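Working notes for the structure below.
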Amino acid sequence: MFCVYLHVPFCKKVCDYCDFRVMPSQSKIFAEYADLLCKQIVSFSRANPGLLASAKTLYLGGGTPSELPAEFLRQIFDCLALEGLDISKLSEVSMEFNPESTSRESVRNAMELGVNRISLGLQTFDANLLKVVGRSHSVEAGLDALNLLTSTPNLQVNADLMFDLPGQTVEGFLADVDRLSDFPLNHVSFYGLNVSPRSRLGHRVDRGELAVNEDLYEPMYMGGVEILERKGLMRYEVSNFARPGFESVHNQNYWNRGEYIGFGPGAHSYLGKIRYYAPEIYPRWRDYVKSGCPESALSVDRLRREDEIMELLWLSLRQSKGIATEDLEKMGISLDKSVCERWISRGFLKQGNLLNSLQIKSNLSLNGRGWIFMDEIVTDLANSYSNLE
C-alpha cells in the first residue's frame, strides 16, 4: 500500500517537550510554505508519474496542521488533485488538530476538503501539568474541542494523551484515561513522555527543576490499557487503541512497512527499500525546493537485509497481531527457539494463530508485561535469529 504524508511545521506555541522540527506560527510565511509544498509535490509527481494516484490514505501532521488557514489548505489539496490524487477515493484522510485551533469553522473547512478523521492532541486534563509541559490550551478548551469533534456527524475522532509527565501520579493519569474514554470515541492513543535533552523540558530536567519518575511508567501504561480495553477500545499497537474496524489505516501502513511519501520540512519517505527525508530546518528545506528538490540534498538510508529484518521484528511486534512465521520465512530467517521459549515462559511472549485473509497463520506476539519490555525482547530476538538454508 502507498500513502501520502504532509508535514505542517507550525504551532501556536512549541511545547516544552517537543524536539520535532516545528516553529511558532508566522502568518507571513504561510503563503510561502503552501507554494513550496506544492512545488515539492509537483516535483515528485513529475519524477514518479502516476504514483500519487495510487495512494490509499493522506495524513496531515505536524506541528499543528489546523494552524494553517483554510485558503492554504485548499491550495495544497488542489495541487494534490491536479497531480492525480483523488481525495474522494481515499480510505482515510486524517488531520491533526490542537484544541486552541479547533472551531466549528476550522472543522467544517477541513471536512469540506475531504478530511474524515481528526486526531486531537489533549495530553492531559490536569491544568497544572498542561503548564508544566508548556501546552498552550486550557482544560476547558480541550473539553470544548472534544465535545465539538465527537458531536460532528461523519467524522472519526482520535484523542491523544501523554503519561509519565513530571509530577504526574498514577491515579491522575488513570483518571485522564477514564475521563477520555467516557466520550464517544472509536480511537484513543497514549504515549509515554520521552524527555529529549535538546527540548526546553529536557533542560529543566537536567538542571534538576523537574523530575520524571520512571518507576511509574509501568503502572500507568498497564492501568491505562486495562481501562480502555474494559471499555471496548482494544490495543492494536503499543500506544494505539480502537474499537474493531476503526484502527488507523495510515499508521498501520507504516508498521506493516508499506511505502509512503512525505512532503514538507524533514518529512520522511519510504520507497523501494530506501528511506529518506528532505532537509529538516525550514530555510534549508526552502532552498532545497527552490533548487528543484535535488536528490543530493536528501538524507538517504538504503536498507540492508539486516536492517529489513530488524524493522520486521520491531514494527511487527509493536502490533498486537505480532509477527507471522510466514513473514519470517519470506525474509529467510527463523527465530531462536530457546530465546522465544525463555520469553514465553516468563509470560512476555505468546504463540498463537492469526486469521488473515481466510488463512490461519502461526504468529508470535507480545503478552502481559512483555509490552513494557518490548525493546529488550526485540533486541534479544534480533541478536539470535538464524538464516534458513
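Hey, among Glu140, Glu209, which residue is surrounded by fewer than 22 Cβ atoms within 10 Å (Cβ to Cβ), modelled with pLDDT of 95 or more and closer than 21 Å to Lys13 by Cβ?
Values: Glu209 fails: modelled with pLDDT of 95 or more.
One residue alone meets the criteria, Glu140.
Does segment 303-310 contain any residue that is outside any strand (DSSP E or B) and within 30 Å of Phe163 (Cβ to Cβ)? Yes, because at least one residue in segment 303-310 is outside any strand (DSSP E or B) and within 30 Å of Phe163 (Cβ to Cβ).
Matching residues to (1) of a type in the set (Gly, Ala, Ser); (2) part of a helix (DSSP H, G or I):
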{"site": "Arg275", "(1), (2)": "no, no"}
{"site": "Val300", "(1), (2)": "no, no"}
{"site": "Trp314", "(1), (2)": "no, yes"}
{"site": "Ser384", "(1), (2)": "yes, no"}
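A count restricted to segment 361-385 and to residues that are among the polar types (S, T, N, Q) and loosely packed, with under 15 Cβ neighbours inside 10 Å stands at 4.
Within segment 117-141, how many residues turn out to be assigned to a helix (DSSP H, G or I) and closer than 21 Å to Ala242 by Cβ?
Summing the residues that are assigned to a helix (DSSP H, G or I) and closer than 21 Å to Ala242 by Cβ in segment 117-141 gives 0.
Residues satisfying the criterion are present in segment 182-195 (criterion: among the aromatic types (Phe, Trp, Tyr), touching a helix residue (DSSP H, G or I) at 6+ places or on another chain (Cβ under 8 Å) and either within 30 Å of Ala55 (Cβ to Cβ) or assigned by TED's automatic domain parsing to the domain that holds Lys13 (or both)). Of everything in segment 38-85 that is out of contact with any Asp or Glu (no Cβ under 8 Å at 6 or more places or on another chain) and among the charged types (D, E, K, R), the residue that is nearest to Lys12 (Cα to Cα) is Glu67. Filtering segment 160-191 to residues that are in a strand (DSSP E or B) and either surrounded by fewer than 17 Cβ atoms within 10 Å (Cβ to Cβ) or among the aromatic types (Phe, Trp, Tyr) (or both) leaves Phe163, Phe190, Tyr191. Filter segment 277-313 down to residues that are farther than 30 Å from Gly332 by Cβ and polar (S, T, N, Q) and give me whichever is surrounded by the most Cβ atoms within 10 Å (Cβ to Cβ). The selected residue is Ser291. Let me spell it out: the conditions are (1) among the aromatic types (Phe, Trp, Tyr); (2) buried (at least 20 other Cβ atoms within 10 Å of the Cβ); (3) more than 21 Å from the chain's Cα centre (by Cα), and Phe30 meets all of them except one. Which number is the exception? So Phe30 meets the others, but not (2). Pairs are defined by a Cβ separation below 6 Å, a sequence spacing of at least 6 or placement on different chains, a first member in segment 30-56 that is more than 19 Å from Glu280 (Cβ to Cβ), and a second member that is of a type in the set (Gly, Ala, Ser) and not in a helix (DSSP H, G or I); the pairs so defined are Leu52/Gly84; Ala53/Gly84; Lys56/Ser91.
Within segment 141-172, the set of residues being within 14 Å of Arg117 (Cβ to Cβ) and either touching a Lys or Arg at 6+ places or on another chain (Cβ under 9 Å) or outside the structural domain of Glu96 (by TED's automatic domain parsing) (or both) comprises Thr152, Leu155, Gln156, Val157, Asn158.
Identify, from the list Leu73, Leu6, Leu85, the residue that is surrounded by 16 or more Cβ atoms within 10 Å (Cβ to Cβ) and in a helix (DSSP H, G or I). Give the derivation first.
Numbers: Leu6 fails: in a helix (DSSP H, G or I); Leu85 fails: in a helix (DSSP H, G or I).
Leu73 is the lone residue from the list that is surrounded by 16 or more Cβ atoms within 10 Å (Cβ to Cβ) and in a helix (DSSP H, G or I).
Considering only segment 283-301, how many residues are touching a strand residue (DSSP E or B) at 6+ places or on another chain (Cβ under 7 Å) and either acidic (Asp, Glu) or at pLDDT below 95 (or both)? Walk me through it before giving the result.
If we filter segment 283-301 for residues that are touching a strand residue (DSSP E or B) at 6+ places or on another chain (Cβ under 7 Å), which is where we start, we get 298-301.
So of that shortlist, the ones also either acidic (Asp, Glu) or at pLDDT below 95 (or both) come out as 301.
Residues flagged as touching a strand residue (DSSP E or B) at 6+ places or on another chain (Cβ under 7 Å) and either acidic (Asp, Glu) or at pLDDT below 95 (or both) within segment 283-301 amount to 1.
Table: residues versus (1) under 20 Å from the mean Cα position of the chain (by Cα); (2) β-branched (Val, Ile, Thr); (3) modelled with pLDDT under 95.
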| position | (1), (2), (3) |
| --- | --- |
| Phe20 | yes, no, yes |
| Lys39 | no, no, no |
| Ile76 | no, yes, no |
| Leu85 | no, no, no |
| Ser94 | yes, no, no |
| Phe97 | yes, no, no |
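The single condition among (1) among the aliphatic types (A, V, I, L, M); (2) exposed (fewer than 15 other Cβ atoms within 10 Å of the Cβ); (3) under 22 Å from the mean Cα position of the chain (by Cα) that Leu149 does not meet is (2). Inspect all residues belonging to segment 116-137 and state whether any of them is within 20 Å of Arg230 (Cβ to Cβ), at pLDDT 95 or above and of a type in the set (Gly, Ala, Ser). No, segment 116-137 contains no residue that is within 20 Å of Arg230 (Cβ to Cβ), at pLDDT 95 or above and of a type in the set (Gly, Ala, Ser).
The values are calculated or read from the model by the stated rules, or taken from the named source; none is laboratory data. It should be emphasised that the depicted structure is a prediction, and the values quoted were computed from it without experimental measurement. Every residue, glycine among them, receives a Cβ derived from its backbone with ideal geometry; neighbour counts consider all protein chains shown.
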